[in-house]
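Below is one structure, written out as structure tokens; comments come after it.
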Amino acid sequence: MQLIHTVKEMQAFSDNARSAAQKIAVVPTMGALHKGHLALIKKAKSVADIVIVTIFVNPTQFGANEDFSKYPRTLESDCKLLEPYQIAAVFCPLVTEIYPPHDASWVEVVGMDKNLCGKYRPGHFKGVSTVVARLFNITKPHFGVFGLKDIQQFQILSRMTQDLHFGIEMVGVETLREASGLAMSSRNVYLSAEERVQATVLFQALQLAKAEIEKGERDFAIIQPKMEQLITTAPLAKIQYIEAVSPHDLGLLAHFEGQQKVIIAVAVYFGSTRLIDNIIVNL
Ligand code: PAF
């Protein structure tokens, strides 16, 4: 496993792999790797000949009051965790390598950040699209592998990849969950034992929504309050949003008639830790 820090070296590495006709999958991460990331890596290995993992805490996707400075940076233990997986390379650049001084180019997928997390994190998805476009151009992959827990991110990046003709296949991997149903996330480390137990209401609420839809309910105004009621049984939970959107454009859905799939998504604070989760329901 090669540890690469510069754009030039990373591009040369990928050029070599491509000229040897190897298919490359990239797994972009911000580090603090957990089992959820390892599921992405396993998927990446199954679709490509070689896997590149990027570890970069991207400053442009954090808002002024968000946790950029306190985001966990655990490169040494991340590399140890990756060792058994026979990753071809780990790309872990400095911020100045990705964003050199006087750098001025951004990528924005307009409109798909109106709802869900985008409404509460202005500029976040512009930061994500910009860094992922750069990481794609640096690692030159055939496949980009991402978790579906960040469903808005996945849909936005898929649109970007399509619109800008990157020629990269986007691969989405199901959310990995703890036995309690809690979605695995780097931010779970911030939860107290009590918050961690109560945070299972996110998954329970999503399951409730799924059951309602499967029973034939098509009106989100009926489903949403039931989810809210369930989540508020956890005294430490502070709901940010409970929304239903179309996978196509992430537009809000009040009624589900005529839809093939619907995304139900939630964001809930436990103390200062913001958790998100979602479910895609076939109609
Ligand atoms: O999902 C993440 O960890 C980040 O948003 C990503 C895709 C690595 C971009 O910084």
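The values are calculated or read from the model by the stated rules, or taken from the named source; none is laboratory data. Only a predicted model underlies this, so the values are computations on that prediction, with no experimental measurement involved. Ideal geometry is used to build each Cβ from the backbone, glycine not excepted, and the neighbour counts take in all protein chains shown. What goes into the accessible areas is simple: the full protein's heavy atoms, side chains included, and nothing from ligands, DNA or RNA. Shrake-Rupley method; radii C 1.70, N 1.55, O 1.52, S 1.80 Å.
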Chymotrypsin sites (Phe, Trp or Tyr not before Pro) within the range 63-102, DSSP loop, no more than 11 other Cβ atoms inside 10 Å:
none
Placing one identical point scatterer on every Cα of the range 1-140 and ignoring solvent, what is log10 I(q)/I(0) from the Debye formula at q = 0.09, 0.12, 0.15, 0.18 Å⁻¹?
-0.29, -0.51, -0.80, -1.11
Could you tell me which GluC sites (Glu not before Pro) in the range 163-269 are loop residues by DSSP with no more than 16 other beta carbons within 10 angstrom of their beta carbon?
Glu174, Glu178, Glu217, Glu257
I'd like the orientation of helix 7-19 relative to the chain: the angle between its Cα long axis and the longest Cα principal axis, in ° from 0 to 90, rounded to 10.
90
The range 226-283: Kirkwood hydrodynamic radius (Cα pairs, Å) comes out at 12.3
Taking K and R as +1 and D and E as -1, what net charge do the other residues with C-beta under 15 Å from the C-beta of Glu214 add up to?
+2
Hey, got the dipole for the chain? About the Cα centre, +1 on K and R Cβ, -1 on D and E Cβ, debye to the nearest 20?
240
Helix 151-163 axis, angle to the chain major axis (alpha carbon atoms, nearest 10°):
50
Kindly state, to the nearest 0.05, the FRET efficiency for Glu194 paired with Asn16, given R0 = 41 Å and r defined as their beta-carbon distance.
0.20
Going out from 0 in 5 Å bins, what whole percent of all Cα-Cα distances in the range 131-184 drops into each bin?
4, 19, 27, 22, 12, 8, 6, 2, 0
Going through the cross-link list Lys126/Lys226; Lys140/Lys210; Lys238/Lys261; Lys149/Lys215; Lys23/Lys80, which pairs have a Cα-Cα distance over 30 Å in this structure?
Lys126/Lys226; Lys140/Lys210
In a GNM of the chain with a 10 Å cut-off on Cα contacts, which of Asp78, Asp49, Asp163 has the highest mean-square fluctuation?
Asp163
For the range 192-246 and the range 152-166, write down the distance between their C-alpha centroids in whole Å.
28
Sort largest first and round to whole Å: the equivalent ellipsoid semi-axes of the chain, each the square root of five times a Cα gyration tensor eigenvalue.
33, 21, 18
Taking the chain and counting helices only, DSSP H stretches of n ≥ 4 at -39,500 (n - 2.57) each over all residues, the nearest-500 ellipticity at 222 nm comes to -11000 deg cm²/dmol
Would you work out the relative contact order for the range 130-176, in percent, from Cα pairs under 8 angstrom that are 6 or more residues apart?
48
Under the Kirkwood approximation for Rh and a Cα-based Rg, what ratio Rg/Rh is obtained for the range 28-71?
1.09
How high is the relative contact order of the chain, in percent, with contacts defined as C-alpha pairs under 8 Å that are six or more residues apart?
17
In whole Å, how far is the Cα centre of the range 177-191 from that of the range 70-121?
20
Using a 7 Å offset from the Cα along the Cα-to-Cβ direction at both Asn282 and Ala64, what is the distance between the two label points in nm, to one decimal?
4.7
How large is the charge dipole for the range 200-283, taken about the Cα centre, if only the Cβ atoms of Lys, Arg (+1) and Asp, Glu (-1) carry charge, to the nearest 20 debye?
220
For Arg121, Arg73, Arg159, give the ranking by accessible area with the largest first, probe 1.4 Å.
Arg73, Arg159, Arg121
Rounded to whole Å, sorted largest first: equivalent-ellipsoid semi-axes of the range 177-283, Cα gyration tensor
25, 13, 12
Unit charges at the beta carbon, dipole of the chain: most positive-side option, Leu82, Asn137, Ala267
Leu82
